[in-house]
């Protein structure tokens, strides 16, 4: 549900950024070279000038395999006189969705300097002193190291429109005081998303009306026919960006040649294109998606026993969860197929699917429980019943000789095969960020 405030998103974002400047002594504009980070940079710079807080620290984690125009766009920002550059070009590991053999690109590998996709810049941070080279763990480590014991706010361009998970995560449950549109990195260090309620059309309207410079790759994507709401700028080869390889050779042929020489699988993926890289239709030789999934797990993941075991476990649990609903079971199997075909070793696509669909599915099932005199039976819905068993085990508290779990306006407890509930007058459980709740639900799905 959206509630109109009577304020346009441009002014609302400026007010949010002003509040962040008032609350935090260190404010960092996180950029990627994309359209959203263009707006973040310009609005943050505007408020920094208002507050007399120049130079503005600007952060970019350069993942080496970047669009040429992205490097040019960010470099222009980093050399502005009112900017304090925090441009990282240090060794890290990035997933390679284009190869089953070479799973990662070791960005900025000192032993492969002659093959780097683009050269390091004189002003960049070149050594990884953060204790990890894994992407997901790196951001908290960076700011903890660069701002030890200090209160820090990083502003970034994530928007709720981009996925249901982001919508839930950015609108439910406070992260800092009253703010829902952020995440906590570590003690007193946060990332905030002041553009969370903007549409992609708001982004482009602001860029054009304000005449802000932007990444020219969007012009090429538009000419190529990429839908405006699907245009994105990021590293070129990870599991959620591999589609860029399908038109890279036409848009930036010199970059394509450098990247193909740098990373195995890129040339093959580029030549296959979307129709052949993904399984848009079930191959005729398989009776259903589950059979196709099991075949791929057996044949394509045999060289990685850990990944194979995880996929097998996940598939089994989802099959059990959707045992009585074949449409859902087949849909979930097709997601696992796509995850395998794009070498999604870290399970990003499956995790996203769990957050966006499986968590909601479990919530809907719980809402559909049949309550008679505030009681329901395990036999009515064993899956939902087990969810409450897990909740009581993990988050329940002892009360009047029984273990009780409080959720929203009820408290729940179990005796034998009966689930009981009791309304708690004037009381609500502490809010949990929607994305976190959905992720927990989805994770519990594989434990049911």
Listing of helices (runs of 4 or more DSSP H) fully contained in the stretch 184-286 that carry 3 or more residues being on the phi < 0 side of the Ramachandran plot and exposed (fewer than 14 other Cβ atoms within 10 Å of the Cβ): 200-210, 217-224, 253-262, 266-277
From 373, 352, residue being surrounded by fewer than 15 Cβ atoms within 10 Å (Cβ to Cβ) and more than 23 Å from residue 268 (Cβ to Cβ): 373
Lone qualifier among 161, 127 - being in the same structural domain as residue 89 (by TED's automatic domain parsing) and in a loop (DSSP other than H, G, I, E, B): 127
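Go through the stretch 32-50 residue by residue and tally those that are touching a residue at least 60 places away in the same chain (Cβ under 8 Å) and either within 18 Å of residue 139 (Cβ to Cβ) or not in a helix (DSSP H, G or I) (or both). First the steps, then the outcome.
At the first step, the residues of the stretch 32-50 found to be touching a residue at least 60 places away in the same chain (Cβ under 8 Å) are 32-40, 42-44.
Next, from what is left, pick out any that are either within 18 Å of residue 139 (Cβ to Cβ) or not in a helix (DSSP H, G or I) (or both): 32-34, 36-37, 40, 44.
So the count comes out to 7.
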Index of the failed condition, residue 291 passing every other in (1) more than 19 Å from residue 98 (Cβ to Cβ); (2) in a helix (DSSP H, G or I); (3) touching a helix residue (DSSP H, G or I) at 6+ places or on another chain (Cβ under 7 Å): (3)
Enumeration of residues in the stretch 100-124 that are outside any loop (DSSP other than H, G, I, E, B), crowded, with 17+ Cβ neighbours inside 10 Å and out of contact with any helix residue (DSSP H, G or I) (no Cβ under 8 Å at 6 or more places or on another chain): 104, 107
Filter pass, residue 65 being touching a strand residue (DSSP E or B) at 6+ places or on another chain (Cβ under 9 Å) and either at pLDDT below 95 or not assigned by TED's automatic domain parsing to the domain that holds residue 206 (or both): yes
Number of the condition not met by residue 81 [criteria: (1) under 26 Å from the mean Cα position of the chain (by Cα); (2) closer than 20 Å to residue 30 by Cα; (3) part of a loop (DSSP other than H, G, I, E, B)]: (1)
Qualifying residue in the stretch 51-69 (condition: touching a helix residue (DSSP H, G or I) at 6+ places or on another chain (Cβ under 7 Å), surrounded by 15 or more Cβ atoms within 10 Å (Cβ to Cβ), assigned to a helix (DSSP H, G or I) and in contact (Cβ under 8 Å) with a residue 40 or more places away in the chain): yes
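The values are calculated or read from the model by the stated rules, or taken from the named source; none is laboratory data. Bear in mind that the values here come from a model prediction, so they are computed numbers and not experimental data. A quick note on method: Cβ atoms are made from the backbone with ideal geometry, for glycine too, and the neighbour counts reach across all protein chains shown.
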